[in-house]
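The values are calculated or read from the model by the stated rules, or taken from the named source; none is laboratory data. Remember, predicted model here, so these are calculated numbers, not experimental data. Reconstructed Cβ throughout: ideal geometry from the backbone, glycine too, with neighbour counts over all protein chains shown.
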Ligand SMILES: Nc1nc2c(c(=O)[nH]1)N[C@H]1C(S)=C(S)[C@@H](COP(=O)(O)OP(=O)(O)OC[C@H]3O[C@@H](n4cnc5c(=O)[nH]c(N)nc54)[C@H](O)[C@@H]3O)O[C@H]1N2
Ligand SMILES: Nc1nc2c(c(=O)[nH]1)N[C@H]1C(S)=C(S)[C@@H](COP(=O)(O)OP(=O)(O)OC[C@H]3O[C@@H](n4cnc5c(=O)[nH]c(N)nc54)[C@H](O)[C@@H]3O)O[C@H]1N2
Ligand code: SF4
Ligand SMILES: [Mo]
């Protein structure tokens, strides 16, 4: 039967009443360290377990400690881990709150319509959940083909769900961590240097002499290894150039802060390239030997002078010249940081191409203090049968569009799920594992219309996140602290692996992702893709292939593997072939040209704000990761809500006071669900306002997150798509202030 009404149900409704009763004994348990008479266990007697952090995707390796009741009470970094060097960021330490959060999803739930016709969730057994899912998967496959089942995922357990979909016969898999994050960067670097950057980015920040940060707000963006290396470099006197419309934390540590007009970075980058070429301060030997297209580039940037860029960026031509020289003086020990969340204005691949070109001119790729040569750790694949070959994938949804997209594009899957999609490749059902699409995909209305058009939706999460309210079946996964997952395979100066083992029994009736997938696979006749009793067998088998074992890794947590290629950096006289069409670093991109795109980046202007409207820009706050921590007991204690940075000039024009609460309305009429406190500060330009992502939770079940601050995602309805990769530019929204919430305001249906 087709259920095309999929209204949002707060999990606090009817079904959970019964649940609360069923789980009373567990809910009654209070973590020891929250009691007054509690003393921390003696470290030397406490048990510790190897894990890698899942509070963000830097995935630092650490040790999880349990107390005498076998409850988790502390997480610290592993000294041998190159991602953390033994030190966790506040979020990683606060990961213990993910385990202790009593608002966690506790049992499987099913959407039902009650006698009065109202939809609600009821508690069901795992057996019933699996049987329902298996039955629906079979039905969808028979009716439309297995390709019409899509998976949205993020995080380590996503791998098990990808394996399930592969066994079932669908390659329609995507994560917001690509098209809403680093997609354009990966493809721009790939077409330029023949290599995407992956994570952690191979940046030799420790040894750099000049670090250029465009947006990249390290210190608020808490990617551990980078923040630590930057601190070390600051100690050694690195010169930092920060380009940000906001005086970020790192701007305060910088030699230059360029408070650029937002959306104009490409003009600055082109002017820098102009100066570096015209004044012949590029790395001439390197450019001659390793790059392709210098003469074309020289001609291309002829008119992109600092004076031209000054008029666009509002920076001074002198500052543009001085900063270009600063970089050239440090060359090749200079890094123009490639950024990570780069989906800003819809011409993001071209902006990142300009970043890549600049690095090439400065000779920083493959050089000490620049980019080291990346090499990822590998583990052999656990034996499995041959997977069925899907007849189509996300690439076929809009043929010819976004030819450079390297992995699944979330918004393409949403397009194919939408009632307005007229192509032959319709999506009919969604699996969602570890991603809160309501908070992470812009244009919420479009996502909801696509969701409403689905025949079946399963959400696997640890928390009653907004997305769970739209599911037919909700499955509670246990946290990363309570389960096995595949070892972390990382690239670093030395490729390395890190182990994850459970430190405690799963709380409530939550279960590990691998087990969930294995049970579903068995019921759809694909159990042979999960040919083990316990996932630890797979890990042990894989580790033994590379000369270690589960037993050894439990003691050490992290192991460095030998580099296949000896050198971290290449020497000036070395012959290097890059994986591009010309075998060179492409200043002039033949791949871009072959796909009908500008082979060298051109400046295009973006929409400007109108009277009374300000560009909404957003970023990170040190104690939180997206929406995954905004209900965490430990981390909300550090920061409970976001605020809105407003320039004093604007505040005085509107007559606002510091701390006053306001609603926002964007230029398309969208009004924020909740109000936000304003923070009046010189640290933001007058034409923009800034807030931290991840707040303004709308599910009442989130006792600490509900209604605290606003969701930036709610305000992002105007989306500019990057032609090359299909990624969504999300900083094209302008907001004005409302002192009251209007009844007539347009609301998301
Ligand atoms: N604490 C914490 N750290 C995190 C995360 C987290 O959730 N919490 N998430 C991690 C992830 S997945 C990612 S992708 C990264 C993202 O972190 P980054 O890659 O550093 O993100 P950006 O969008 O580059 O940086 C946001 C900054 O860009 C500035 N900005 C806004 N508009 C413009 C503009 O037009 N031009 C310029 N030059 N600057 C602009 C903002 O003022 C803000 O300071 O953070 C990672 N680290
Ligand atoms: N407006 C706006 N949108 C953004 C961004 C922004 O700054 N502003 N940032 C963008 C960026 S850079 C990124 S990378 C994406 C990230 O977007 P997402 O992938 O959606 O974010 P996550 O925080 O990884 O996923 C959140 C969900 O995972 C659940 N979860 C946590 N741990 C587990 C687990 O172990 N298992 C399961 N099954 N679920 C778990 C959480 O409870 C939460 O519901 O968002 C992008 N979208
Ligand atoms: S940077 Fe912090 S949150 Fe991210 S993995 Fe490392 S410790 Fe965890
Ligand atoms: Mo990201």
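Answer yes or no as to whether residue 497 is modelled with pLDDT of 95 or more, surrounded by fewer than 24 Cβ atoms within 10 Å (Cβ to Cβ) and in contact with a strand residue (DSSP E or B) (Cβ under 7 Å, 6 or more places away or on another chain). No; evaluated as a whole, the condition is false for this residue. With respect to being under 30 Å from residue 381 (Cβ atoms) and either without any contact (Cβ under 8 Å) to a residue 12 or more places away in the chain or in contact with a strand residue (DSSP E or B) (Cβ under 6 Å, 6 or more places away or on another chain) (or both), residue 491 fits the description. In this structure, is residue 235 more than 16 Å from ligand 2 (Cβ to nearest atom) and surrounded by fewer than 24 Cβ atoms within 10 Å (Cβ to Cβ)? So residue 235 passes the test. Taken over the range 78-91, the criterion of being touching a strand residue (DSSP E or B) at 6+ places or on another chain (Cβ under 6 Å) and within 16 Å of ligand 1 (Cβ to nearest atom) is satisfied by 84, 87, 88.
Taken over the range 611-631, the residue count meeting the criterion of being more than 9 Å from ligand 1 (Cβ to nearest atom) and within 30 Å of residue 653 (Cα to Cα) is 5. I'd like to verify a number: residues in the range 139-170 that are away from ligand 1 (no atom under 16 Å from the Cβ), assigned to a loop (DSSP other than H, G, I, E, B) and surrounded by fewer than 23 Cβ atoms within 10 Å (Cβ to Cβ), how many? The total comes to 2.
Yes/no matrix, rows are residues, columns are (1) assigned to a loop (DSSP other than H, G, I, E, B); (2) away from ligand 2 (no atom under 16 Å from the Cβ):
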{"site": "41", "(1), (2)": "yes, yes"}
{"site": "48", "(1), (2)": "no, yes"}
{"site": "55", "(1), (2)": "yes, no"}
{"site": "58", "(1), (2)": "yes, no"}
{"site": "81", "(1), (2)": "yes, yes"}
{"site": "84", "(1), (2)": "yes, yes"}
{"site": "87", "(1), (2)": "yes, yes"}
{"site": "97", "(1), (2)": "no, no"}
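Comparison of 59, 85 shows that the only residue that is on the phi > 0 side of the Ramachandran plot, near ligand 3 (Cβ under 8 Å from one of its atoms), in contact (Cβ under 8 Å) with a residue 40 or more places away in the chain and not assigned by TED's automatic domain parsing to the domain that holds residue 203 is 59. Scanning the range 212-222 for residues that are buried (at least 22 other Cβ atoms within 10 Å of the Cβ) and within 14 Å of ligand 3 (Cβ to nearest atom) gives 218, 221, 222.
Within the range 687-703, being surrounded by fewer than 21 Cβ atoms within 10 Å (Cβ to Cβ) and touching a strand residue (DSSP E or B) at 6+ places or on another chain (Cβ under 8 Å) holds for 687, 698, 700.
Looking only at residues of the range 68-79 that are modelled with pLDDT of 90 or more and in a loop (DSSP other than H, G, I, E, B), we find that the one that is nearest to ligand 4 (Cβ to nearest atom) is 78. Taking the range 666-701 as the range and being farther than 23 Å from residue 740 by Cβ and assigned to a loop (DSSP other than H, G, I, E, B) as the test, the residues that pass are 681, 682, 683, 685, 686, 687, 693, 694, 699, 701.
Restricting attention to the range 487-510, does a residue exist that is closer than 28 Å to residue 100 by Cα and in a helix (DSSP H, G or I)? Looking for residues that are closer than 28 Å to residue 100 by Cα and in a helix (DSSP H, G or I), one finds none in the range 487-510, hence no. Of the helices (runs of 4 or more DSSP H) contained entirely in the range 562-665, those carrying at least 2 residues that are away from ligand 3 (no atom under 16 Å from the Cβ) fall at 590-594, 648-654.
Selection of first residues in the range 199-215 that are over 15 Å from residue 231 (Cβ atoms) and in the same structural domain as residue 365 (by TED's automatic domain parsing) and of second residues that are part of a helix (DSSP H, G or I) and within 15 Å of ligand 3 (Cβ to nearest atom), restricted to Cβ pairs under 7 Å at least 6 apart or on distinct chains, gives the following pairs, ordered by first then second residue: 200/225.
The rows are residues; the columns are (1) surrounded by fewer than 16 Cβ atoms within 10 Å (Cβ to Cβ); (2) without any contact (Cβ under 8 Å) to a residue 60 or more places away in the chain; (3) closer than 30 Å to residue 292 by Cα.
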{"residue": "522", "(1), (2), (3)": "yes, yes, no"}
{"residue": "533", "(1), (2), (3)": "yes, yes, no"}
{"residue": "540", "(1), (2), (3)": "no, yes, no"}
{"residue": "560", "(1), (2), (3)": "no, no, no"}
{"residue": "571", "(1), (2), (3)": "yes, yes, yes"}
{"residue": "581", "(1), (2), (3)": "yes, yes, yes"}
{"residue": "584", "(1), (2), (3)": "no, no, yes"}
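A single member of 358, 448 is closer than 23 Å to residue 711 by Cα, surrounded by fewer than 24 Cβ atoms within 10 Å (Cβ to Cβ) and more than 20 Å from the chain's Cα centre (by Cα), and it is 448. Mind checking which pairs have a first residue in the range 226-250 that is not assigned by TED's automatic domain parsing to the domain that holds residue 339 and a second that is at pLDDT 95 or above and in a loop (DSSP other than H, G, I, E, B), Cβ under 8 Å, 6 or more apart or different chains? Close Cβ pairs satisfying both conditions: none exist. Highlighted here are the helices (runs of 4 or more DSSP H) found entirely within the range 217-321 that include at least 1 residues which are more than 33 Å from the chain's Cα centre (by Cα): 265-278, 284-290, 294-300, 306-313. Residues in the range 451-469 that are away from ligand 1 (no atom under 16 Å from the Cβ) and out of contact with any strand residue (DSSP E or B) (no Cβ under 6 Å at 6 or more places or on another chain): 451, 452, 453, 461, 464, 466, 469. Is the range 46-65 home to any residue that is modelled with pLDDT under 95, away from ligand 1 (no atom under 16 Å from the Cβ) and buried (at least 18 other Cβ atoms within 10 Å of the Cβ)? There is no residue in the range 46-65 that is modelled with pLDDT under 95, away from ligand 1 (no atom under 16 Å from the Cβ) and buried (at least 18 other Cβ atoms within 10 Å of the Cβ).
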